[in-house]
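Values in this text are rule-based calculations from the coordinates and carry no lab data. Bear in mind that the values here come from a model prediction, so they are computed numbers and not experimental data. Every residue, glycine as well, gets a Cβ built from its backbone with ideal geometry; the counts of neighbours run over all protein chains shown.
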Amino acid sequence: MSRPDAPFRLTRRRALQAGAAGAGALLAGCAPGATAREARQADASPGDDRPNILLIISDQLGLDAIGAHGCPDVATPHLDRLIRGGTTFMESHSASPVCSPARSSIMTGFMPVETGVVSNGRPIHEKRKNLGQHFRPHGYETVYCGKWHLPGGYQAAIDGFDVLPAGKGQGDLNDTAVSNACAAWIKQRPKEKPFLMVASFMQPHDICYWGNARANRMPPDLGLPFEALRGRLPALPPNHTSRPPEPKILASHFVGDYSEDMWRYYLWLYARMIEMLDADVGRVLDTLEAAGQADRTVVILTSDHGDGRGRHLHVSKWYPYDEAMKVPMILACPGRIKAGQADRAHLVTGLDVMATACDYAGIKPPAGSGGRSLRPLAEGRDVPWRDFVVSEWQGAGRMVRTARYKYARYPGDPVEMLFDMQEDPWETKNLYQEAALADVLARHRTMMDDYLAGLDVVDPTASNERPARPAAPKKKRT
């Protein structure tokens, strides 16, 4: 027998057995014998004019990898119109440049060391509530579809949410199923009650499988797979070969065996994966408009982290450079959020998603959470703001970012990192040994120490992922 508070699971079998009327009741979480009308009446809150919340999460999407953010190599009409119709935060940083930890912060408003998710494949600590658990008692329908990774990639049941079944797999195989499931739910849902929907897409994370498998699939002497692309490949970034002094763990993680053509092909593929994401985001946004819900739905779009994209000879993530750290944070809702606004002044973080959603819903955020509501900024209001944001990764690395500087360190490593982000936005000069910046370095150390000392740290939860295997030695080709 299932628990009364267990998340409801709509399966294909249940929907078919229930029939047209019963399926509506099932989606509302009611007994199979109830009609759709009875389901709506049971959940209806007359006069509830609170907005819907649509949180769109992408995986591995860098802030500047979108057309409207200045990327010349990608066509993103749907992301671009979301940006034009809302506010985009250009100083948006991941709470952790790793999938599961970053997602735990987005879903709770707490840092990874406070959620117990210090590395991939861990569940959120029972001490913390996710968005669904926090919103559902306040009268919101709470629905999740797509990648979860807290733990497991795709889950059939998530506490606090009704999960829309959409299969599982890589982004090029499964994201369309996610967008179709979200669109179908928006079309049929009862309108009396506000909803919180999380649409979580995999793309452009598929680039990981290309980049991380280079030893077996992309030998350095392969050459360009499609010669016709040679004149259409993206240019390499200005910091492509930059390797400033780094802590030991970072200094050993870079890709040194790609040809220039292979790097540019990598960037071309990444752009195509972003275009796949764009199409799926567009499907959900179009459905929202067609259903007459666009002007009463606050859309928040973000990503867990970025991707190396050949900067500092990097693929993937797990490091404090901007290519992994900076992610989109876009808010849009006609009539509620200022359109066409690019905020370059305020430092924001994935922790802010929970507080922002709560602010629009009229719900108090979880006590002790570290996020700030972006609502006043998105509405063009002038409010006091934070001086810095912090990020952590792999249980060891820590970063603090202020308006001008970025400071990062690993415990026990004498090499620290200090970048002047105004004078050196591509992070090519590590200034931690500059005597003239000794006070700046000390100030950022203290800032980080004080922040970390104030966190409500919990024990790491158990991971269901095996430790990564060491790379097999490359065989010489005969």
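Taking label positions 7 Å along the Cα-Cβ direction at both residue 279 and residue 381, the computed distance is 4.1 nm, reported to one decimal.
Counting 0.36 nm for each residue step from residue 259 to residue 235 and taking away their Cα separation leaves a gain of 7.3 nm. Once Lys and Arg get +1 and Asp and Glu get -1 on their Cβ, which of 306, 391, 403 lies farthest toward the positive end of the dipole of the chain? It is 306, whose Cα lies furthest towards the positive end. A crude spin-label estimate for the pair residue 188 and residue 435, with each label 7 Å from Cα along the Cβ direction, gives 7.3 nm.
Proximity of backbone amide H atoms, modeled 1.01 Å from N, is registered between residue 240 and 312 at under 5 Å, excluding neighbours fewer than 5 places apart on the same chain.
Each peptide in 352-362, 423-433, 261-271 was scored by the mean count of other Cβ atoms within 10 Å over its residues; highest first, the order is 352-362, 261-271, 423-433. Distance cut-off 32 Å, Cα to Cα: go down the list 193/326; 127/429; 338/364; 147/193 and report the pairs above it. From the list (193/326; 127/429; 338/364; 147/193), the Cα-Cα distance tops 32 Å for 193/326; 127/429. May I ask what percent, to the nearest 5, of DSSP beta bridges between residues of the chain are antiparallel? DSSP beta bridges in the chain are roughly 45 percent antiparallel.
Taking amide H as placed 1.01 Å from N in the peptide plane, the amide H of residue 309 sits under 5 Å from that of 316, each at least 5 places away or on another chain. Which value at 222 nm does the chain reach when only helices count, each DSSP H run of 4 or more adding -39,500 (n - 2.57), with the total divided by all residues and rounded to the nearest 500 deg cm²/dmol? Estimated from H runs of four or more residues: -9000 deg cm²/dmol. Label-to-label distance, residue 404 versus residue 367, with points set 7 angstrom from Cα along the beta-carbon direction: 4.0 nm.
Please name whichever of 357, 69, 118 sits farthest to the positive end of the charge dipole of the chain, dipole taken about the Cα centre and charges placed at Cβ: Lys and Arg +1, Asp and Glu -1. Value computed over the given set: 118. Loop-located chymotrypsin sites (Phe, Trp or Tyr not before Pro) in segment 143-198 (DSSP state other than H, G, I, E, B) with a sparse environment of at most 11 neighbouring Cβ atoms within 10 Å are absent.
For a label point 7 Å from the Cα of residue 421 along Cα→C-beta, name the residues of segment 367-407 whose backbone N is under 15 Å from it. The answer is 386-392, 398-407, whose backbone nitrogens lie closer than 15 Å to the label point.
Sorting the segments 404-413, 124-133 by their residues' average number of neighbouring beta-carbon atoms within 10 angstrom, most packed first, yields 124-133, 404-413. Think of the chain as having a plus end and a minus end, set by charges on the Cβ of Lys, Arg, Asp and Glu; of 185, 419, 290, 185 sits farthest toward the positive end of this dipole. In the list (1) 31.1; (2) 37.0; (3) 24.4, the label attached to mean projected area of the Cα convex hull in nm² as derived from the coordinates here is (3).
This model, with +1 at the C-beta of Lys and Arg and -1 at the C-beta of Asp and Glu, gives the chain a dipole about its Cα centre of some 1180 debye.
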